[in-house]
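Structure, as structure tokens:
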Amino acid sequence: PIDLAPAPLDYVLGPGDELKIQLYGSIKSNRVVPVNREGIIFVPELGSIEISGLIFREAVEKIRSFIDASLIGVSVEVSLAKIRSIQIFVLGNAFSPGAYTVSSLSNISNVLFFSGGPTKNGSLRSITVKRDGVEIAELDFYELLIKGNIKNDIRLQSNDAILINPTGKTVAISGQVKNQARYELLEGEDFKDLLFFSSGFTNRADKNKITLSSFARNGERIYKNLTLKEISEISL
């Protein structure tokens, strides 16, 4: 379904893409032209035009400038007829690691859904993208799932590697909260963040009796009853 999505104006063109070029006015034609391996399109009325590496908006402007320079009384409409596929690698603590062929419009979250996401030992909060061996982005999936922030959910390029790092500190919360689960906490996050992730207390929650269960140095499990204020001041 993502192949049917409209291409954004900042989409980078490359070999395998196909452009639909419609000429009207003194010359009328309707052509679908592929971008070849050299990054060039050939339009009989215009000749060869190099567009590989240009974003879609720049390519449209370049084609229009060719039209204005060589054809009088001709207007043009340019659209993307076909979007190329790219290969992406999903590595680390992934449920199904390996190479995936996906649409070039895919972003990190699309590929994570294709690959099944992280294993139980894989982090949802530390997912890195490497391009040519250099880390270019890090995605905290909680930002996307819980807060709806898609800023770091970047569009991928061919041969990018998505690395799912091992899980960090995890804390379980249960009882009178709306979403009982085990959540991963980053450095500096506390009980208030944990409560936000679990969608808050239910109406039946006793905020003056929150039981903290943890391990002592000798391995013995200990329990403490705390108030909301007290537990908010503890590093979990």
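The values are calculated or read from the model by the stated rules, or taken from the named source; none is laboratory data. These numbers were taken from a predicted model, which means no experiment stands behind them. Glycine gets a Cβ as well: all are built from the backbone with ideal geometry, and neighbour counts include every protein chain shown. For the accessible areas, the whole protein counts, side chains as well, though only heavy atoms, and no ligand, DNA or RNA atoms are used. Shrake-Rupley method; radii C 1.70, N 1.55, O 1.52, S 1.80 Å.
How many residues, within the stretch 182-200, are part of a strand (DSSP E or B) and open to solvent by 40 Å² or more (accessible area, probe 1.4 Å)?
Summing the residues that are part of a strand (DSSP E or B) and open to solvent by 40 Å² or more (accessible area, probe 1.4 Å) in the stretch 182-200 gives 1.
Looking at the stretch 171-181, which of the residues that are among the small types (Gly, Ala, Ser) and part of a loop (DSSP other than H, G, I, E, B) is surrounded by the most Cβ atoms within 10 Å (Cβ to Cβ)?
The qualifying residue surrounded by the most Cβ atoms within 10 Å (Cβ to Cβ) is Gly175.
Residues being more than 30 Å from the chain's Cα centre (by Cα) and open to solvent by 40 Å² or more (accessible area, probe 1.4 Å): count how many of those fall in the stretch 18-31.
7
Under the condition of being assigned to a loop (DSSP other than H, G, I, E, B) and of a type in the set (A, V, I, L, M), which residue from the stretch 201-217 is modelled with the highest pLDDT?
We begin by selecting, within the stretch 201-217, every residue assigned to a loop (DSSP other than H, G, I, E, B); these are 202-209, 216-217.
Add one more test, that the residue is of a type in the set (A, V, I, L, M), and what stays is 205, 216.
Values: Ala205: 94, Ala216: 86.
Per the criteria, the residue is Ala205.
Limited to the stretch 19-34, what total is found for residues that are assigned to a loop (DSSP other than H, G, I, E, B) and in contact (Cβ under 8 Å) with a residue 40 or more places away in the chain? Write out each step before concluding.
First pass over the stretch 19-34, keeping only residues assigned to a loop (DSSP other than H, G, I, E, B): 26-28.
From the residues that got through so far, the ones that are in contact (Cβ under 8 Å) with a residue 40 or more places away in the chain too are 26-27.
Adding up the residues that qualify gives 2.
Please indicate, with yes or no, whether at least one residue in the stretch 154-170 is without any contact (Cβ under 8 Å) to a residue 40 or more places away in the chain, loosely packed, with under 14 Cβ neighbours inside 10 Å and closer than 30 Å to Pro8 by Cα.
The answer is no; no qualifying residue exists.
Give the stretch 50-75 a look and list any residue that's touching a residue at least 24 places away in the same chain (Cβ under 8 Å) and either within 26 Å of Gln157 (Cβ to Cβ) or among the polar types (S, T, N, Q) (or both), or say none. First the steps, then the outcome.
From the stretch 50-75, those touching a residue at least 24 places away in the same chain (Cβ under 8 Å) are 51-57, 59, 63, 67, 70-75; that's our starting set.
Of everything in the stretch 50-75, those that are touching a residue at least 24 places away in the same chain (Cβ under 8 Å) and either within 26 Å of Gln157 (Cβ to Cβ) or among the polar types (S, T, N, Q) (or both) turn out to be Ile51, Ser52, Gly53, Leu54, Ile55, Phe56, Arg57, Ala59, Ile63, Ser70, Ser75.
Filter the stretch 81-96 for residues that are buried (at least 16 other Cβ atoms within 10 Å of the Cβ) and either in a helix (DSSP H, G or I) or not small (Gly, Ala, Ser) (or both) and give the result.
Listed by number, the residues that qualify are Ile83, Arg84, Ile86, Ile88, Phe89, Val90, Asn93.
Can you tell me which residue among Pro15, Pro44 is touching a residue at least 24 places away in the same chain (Cβ under 8 Å), of a type outside the set (Lys, Arg) and open to solvent by 30 Å² or more (accessible area, probe 1.4 Å)?
Going through Pro15, Pro44 in turn, just one is touching a residue at least 24 places away in the same chain (Cβ under 8 Å), of a type outside the set (Lys, Arg) and open to solvent by 30 Å² or more (accessible area, probe 1.4 Å): Pro15.
Tell me the residue from Arg217, Arg204, Arg221 that is exposed (fewer than 11 other Cβ atoms within 10 Å of the Cβ), charged (D, E, K, R) and closer than 30 Å to Pro118 by Cβ, please.
Being exposed (fewer than 11 other Cβ atoms within 10 Å of the Cβ), charged (D, E, K, R) and closer than 30 Å to Pro118 by Cβ holds for just one of Arg217, Arg204, Arg221, which is Arg221.
How about the stretch 134-151: which of its residues are farther than 19 Å from Ala94 by Cα and either touching a His at 6+ places or on another chain (Cβ under 7 Å) or assigned to a loop (DSSP other than H, G, I, E, B) (or both)?
Those that are farther than 19 Å from Ala94 by Cα and either touching a His at 6+ places or on another chain (Cβ under 7 Å) or assigned to a loop (DSSP other than H, G, I, E, B) (or both): Ile146, Lys147, Gly148, Asn149, Ile150, Lys151.
Conditions first: (1) surrounded by fewer than 18 Cβ atoms within 10 Å (Cβ to Cβ); (2) in a strand (DSSP E or B). Ser123 passes all but one, so which condition is the exception?
With respect to (1) surrounded by fewer than 18 Cβ atoms within 10 Å (Cβ to Cβ); (2) in a strand (DSSP E or B), Ser123 is out only on (1).
State all residues of the stretch 35-59 that are among the polar types (S, T, N, Q) and in a loop (DSSP other than H, G, I, E, B); if no residue qualifies, say none.
Within the stretch 35-59, Asn36, Ser52 meet the criteria.
Examine the stretch 201-219 for a residue that is over 30 Å from Ser103 (Cα atoms), in contact with a Leu (Cβ under 8 Å, 6 or more places away or on another chain) and touching a residue at least 60 places away in the same chain (Cβ under 8 Å), and state whether such a residue exists.
Scanning the stretch 201-219, I find no residue that is over 30 Å from Ser103 (Cα atoms), in contact with a Leu (Cβ under 8 Å, 6 or more places away or on another chain) and touching a residue at least 60 places away in the same chain (Cβ under 8 Å), so the answer is no.
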